[in-house]
Each structure stands twice: as structure tokens, then as C-alpha cells.
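The structure appears right after this line, and notes come after that.
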Amino acid sequence: MSPVAVVVGPPGAGKTTIGEALAAALGVGFRDTDADVVATAGKPVTDIFTEDGEPAFRALEAAAVATALAEHDGVLALGGGSVLADSTRALLAAHTVVFLNVGLAEGVRRTGLSTARPLLAGVNPRATFKELLDARLPLYREIATVEVPTDSATPEEIVDHIVGALRAAPHQTPRPNQ
Ligand SMILES: Nc1ncnc2c1ncn2[C@@H]1O[C@H](COP(=O)(O)OP(=O)(O)OP(=O)(O)O)[C@@H](O)[C@H]1O
Ligand SMILES: O=C(O)C1=C[C@@H](O)[C@@H](O)[C@H](O)C1
Ligand SMILES: [Mg+2]
């Protein structure tokens, strides 16, 4: 069993929004590893960061991603920082991975009103977001099979784009060493 598509990208890229809409368009189930981590820990992501620390969150996240990749056959959205783990990127090499890209200004705008993202809760969310994008863009691109810019597209347009890309390459050839 393998997800139809795994959705990755920075905070605010739309992984949850687009992932849910993509699953509905394809008539498959949707799963989000952030929700899996919250269910396992029994508390919100912010509390895990505050009470247990980011390394504890990342360990829960890597385990949640490995389980979901093995169990889920619909659309799977990953937490924004999942790609930081070498083990997760190695697992993703065998999957169809949609990278939802978002630029700095739009990413800050979309995440600005929420307090639910502990990494962006500091005094200068814009600087933090820029550091995060600089560090992660190569990692998202390393494992993506489809990259979709989202800054000036509606969720409907983005879903159409992804459905078209999946139809054009329905059976991804496994990469070497998989
Ligand atoms: N294409 C889009 N155009 C405009 N707004 C969008 C778009 N995609 C998502 N949004 C909005 O941006 C916000 C963040 O979206 P969402 O929660 O889906 O992002 P995410 O990638 O799942 O973030 P996180 O990494 O924190 O889980 C939401 O308010 C959502 O409605
Ligand atoms: O980008 C990140 O590192 C994060 C994104 C969210 O999806 C959550 O997984 C958490 O807030 C961390
Ligand atoms: Mg999300």
C-alpha cells in the first residue's frame, strides 16, 4: 500500500488545505501526519514543542511519517519540517511527492494570523520563515516529483494542476536503490 500522493512544503504552503481538496477530487482518503503526532502525544503541536522540545517532536514525526507511508493509500500531507530527517527523505524516494512551494511574503501572510506554529511564534517570524525556506528548499526539491507554485493560484487551480500532473505520470518509476 502506498499513498497516491504525498504533499510536502513549508508552513502555509497549503498542505492541509490542498491535500484535503486533492483527496476529495480523487475520491480517496486524506491523512495529515501533524494530526497523527497530536493523537499519539495526546496534546497539540505547540505543547509538544514547549513541554518536550523540538527533538522529541521530530522523533514522533519521523515515526508517524513512516507509519502513514506504510498504511495510507490516499493523499498524505506531511508536517512542514518532516523533510529535515534523512530517514524520512530516504523513505520518500519511493513515492509520488508533491511539493507545494510558497514564497516568503505569501508564506508570512498566510501564517501570520495563527499562533499554532511554534517555530514562527518568535519576535521576527519573517526572518525565521526566510531561514526556514533557505534551509529547506533544497530538501523539498530533493524528494519532489512534482513542484507546484502556490503564491498566485487558488486552491482549485492548484488541485487541477496536481491532478493533471498525476494523470500525466500515474505510475512513478521507483528511483534507484528502492
Ligand atoms: N492557494 C492558496 N491561496 C490562498 N490561501 C491559501 C492557499 N492555500 C492555503 N491557503 C491558506 O493559508 C493558510 C495555511 O494553509 P494550510 O493550513 O493548509 O497550510 P499548511 O501547509 O498545512 O501549514 P502547516 O505546515 O502549518 O500545517 C490557511 O488559512 C489557508 O486557507
Ligand atoms: O515547518 C515545521 O517545522 C512545522 C510545520 C507544522 O506542520 C508542524 O509540523 C510543526 O508546527 C512544525
Ligand atoms: Mg497543515
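Table for the structure above
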quantity	calculated
Distant-in-sequence amide H partners of E147 (H built 1.01 Å from N, under 5 Å)	F99
Chain lengthening between L104 and R167 when straightened (0.36 nm per residue, less Cα-Cα)	19.7 nm
Average Cα contact separation per residue, the chain, under 8 Å, 6 or more apart, as relative contact order %	33 percent
log10 of Debye I(q)/I(0), alpha-carbon scatterers only, for the chain at 0.09, 0.15, 0.19 Å⁻¹	-0.29, -0.84, -1.38
Lys, Arg +1 and Asp, Glu -1 on Cβ, resulting dipole of the chain about Cα centre, debye, nearest 20	280 debye
Kyte-Doolittle mean at least 1.0 and Cα axial length at least 27 Å: DSSP H helices in the chain	none
For K43, net neighbour charge (Lys/Arg +1, Asp/Glu -1) across residues whose Cβ lies under 10 Å away	-3
Environment charge at L60 (Cβ cut-off 9 Å; Lys +1, Arg +1, Asp -1, Glu -1)	-2
Candidates P55, P11, P149: whichever shows maximal mean-square fluctuation once the chain is modelled as a Gaussian network with Cα springs under 10 Å	P55
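We did not get these values from a lab; they are worked out from the coordinates using the rules stated. Keep in mind that what you see is a predicted model, and the values were worked out from it rather than measured. Heads up, the Cβs are rebuilt from the backbone with ideal geometry, glycines too, and the neighbour counts pull from every protein chain shown.
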